[in-house]
Every structure is written in structure tokens, then in C-alpha cells.
Amino acid sequence: MQKRFYLTPAAVIIFILYFTVFGDRGLLRINHLHRDRDDMQQKLLELKTENDRLRREITALQSDRRYLESIARRDFGLVRGNEVIYQFPAQEKGSGAGQAEKKGQPAVSPKDGAPTGKPTKP
């Protein structure tokens, strides 16, 4: 009878501790939910920052003509009518472009075969 007196409360305490730690609302689940919340808050902060950046860009596109022109120049390659564009190929080490110029021959672009150093008009 003495053993039963000790075993019943011990079993109840173990049962309660098991569900306190491992249950649906246990400590492990709460810890997991806290980590998820922190991750979500970090993602929210990143999205707010991105949203603010995009809002500023929209405002600049709607009101700033210089910004709009820079976008058109950078992304679409647009130029003004009185501008001349010079295109030079990227110099690679060991390429024969520098040697051809020394011999009096114009260097040729590896991409399109056009002589370099001459202005091209759009």
C-alpha cells in the first residue's frame, strides 16, 4: 500500500510533465512558435524596406525626368540626337587586338567584326 501511495502521484506528475514539455501547447512547441515569429518579423522588416524602396522609385519615375532619362539610357540604350556613341571591346590579356594596331591595321571587334575606335551612330 505504501508503494501505491508513492507511485500514483509520481505517475500523475510524470504524465503532467510529459504534456508540459512535449504536448501541443508544450514548451517545445512554444519555442518553435517563437522562432517562427522571429523569422516572420525579420521577413516583414525586409519586405517593408523593399516596399519603401519601390515607393521611392515609383515617385522618382513619376516626377523626376532625369531619373527617367537615366533608366531609358541604361536599360534601353537610348541616346539623344546630338550624341555620338563610341563602343570599345573589352580588352583581354593575350588578345591580338593591341598587336594588330601596332602593325598599322585596325583592330577588329571579336563580337561583330567592326573596326573599333570609330564612332557609331544609333
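The values are calculated or read from the model by the stated rules, or taken from the named source; none is laboratory data. None of these values were measured; they are calculated from a predicted model. As a convention, Cβ positions derive from the backbone with ideal geometry for all residues, glycine included, and neighbour counts pool all protein chains shown.
Things to note:
- The residue pairs whose first member lies in the range 1-27 and is in a helix (DSSP H, G or I), whose second member is of a type in the set (A, V, I, L, M, F, W, C) and modelled with pLDDT of 85 or more, and whose beta carbons are closer than 6 Å, counting only pairs six or more residues apart or on different chains, are V21/L27.
- Check on R80, of a type in the set (K, R) and not in a helix (DSSP H, G or I): yes
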